[in-house]
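Everything below concerns the one structure shown next.
Quick note: the coordinates plus some simple rules give every number you see, no bench work behind them. Every value quoted in this text rests on a predicted model; they were computed, and no experiment measured them. In this analysis, Cβ positions are derived from the backbone assuming ideal geometry, glycine residues included, and neighbour counts consider all displayed protein chains.
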Amino acid sequence: MVFTPTGGNGENDVTEFSEINALFRRAHKENPKPEDVEMLREVLEKYPALSSITGELAGQAEKEIIGHAYADHPGRALALHKHCELQRDELGYKSATALERLLIQHIVLCWLRLYLTELRYETAMRDATLLQGVYWEKKLSANQRRYLRSIETLARIRKLSINVQINMAHQQIVT
Amino acid sequence: MAMESRGTRRYYYRKRRVGGKVKSQYLGNGYAAHLMQLLDEQERQEAQEKRQAWQAVVDAEKELDAMLDGFTEVVNAYTGAVLLVNGFHTHRRQWRKRRDRV
């Protein structure tokens, strides 16, 4: 299953994300055109629910990953969900800004993927063929890199001490 | 792999590919050959089941990776967009606050 942004208004969310992504690619360069940056701002203002949509996406992804690993062990699945919740709290989810929350959710998802891959790796290596061993080694390294990158992103954003402000329709959101 | 008829009798040959050529190995006839054929079939079936199970694992892993990649793309685009519209830019892949030009 390829993960596409859904939820909220369904199909519209995919359009929203595609629009933002396309604009972001245009504006994200050495000297972006001011009109591209302005358009990006307008799109963000036009779709104020986007940050909550990404939150829903994270929830869906968490369920999917845990469900895949522990489909037959609801107790373990529940414990893992709880652990994810604790991790989010430890990273300061409740008091974080909207942007940081998104990054925290990403970190927890990456951790989850890494943790379950480690478990699979240990089990598989007992009777794996050489090719399967190589496959799990690569998978583990890729997930470790992904997890580290996600932590770095949050650390950078916090280091920048961003008090990013977006004026969204009738409300001002500080992220 | 199969029983082969030679005249009125049936013989069992095991066929394996070695260096691009098919090598035929005679294993006997009669009851022993039939038993050998059954064992070979079972072995083949087990190997196929293992291959299918491994393929299912690989497919599931791909699916989960694609899902997480999709989410990462959303996170990156959203983070980048928010930073860009608030006066940040990237310099050597690091986000920096753009200095106000006089």
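A few remarks follow.
- Residues of type aspartates and glutamates that A:LYS159 reaches as a straight line, Cα spacing below 17 Å, ignoring anything fewer than 8 places off in the same chain: A:GLU100
- Remark: mean inter-chain Cβ contacts per residue of B:57-68 equal 6, using a 10 Å Cβ-Cβ cutoff to other protein chain atoms.
- Multiplying the residue separation of A:GLU118 and A:VAL134 by 0.36 nm and removing their Cα-Cα distance gives an extension gain of 4.4 nm.
- With R₀ fixed at 45 Å, the C-beta to C-beta distance from B:ARG92 to A:GLU90 puts the FRET efficiency at about 0.90.
- 0 to 90° range, to nearest 10: angle between helix B:30-85 axis and chain B longest Cα axis: 10 degrees
- Cut-off 13 Å between beta-carbons: net charge of the residues surrounding B:GLN48, Lys and Arg +1, Asp and Glu -1: -2
- Counting only lysines at least 8 places from A:LYS82 when in the same chain, those with an alpha carbon closer than 18 Å to its own are A:LYS63, A:LYS94.
- For the pair region A:22-36 and region B:8-24, the centres of their Cα atoms are 66 angstrom apart.
- For chain B, the ratio of Cα radius of gyration to the globular rule of thumb 2.2 N^0.38 Å stands at 2.44.
- Summary of the geometry: region A:87-122 and region B:73-102, compared by the centres of their Cα atoms, lie 23 Å apart.
- Label sites at A:HIS68 and B:ARG10, each approximated as a point 7 angstrom past Cα along Cα to Cβ, lie 4.7 nm apart.
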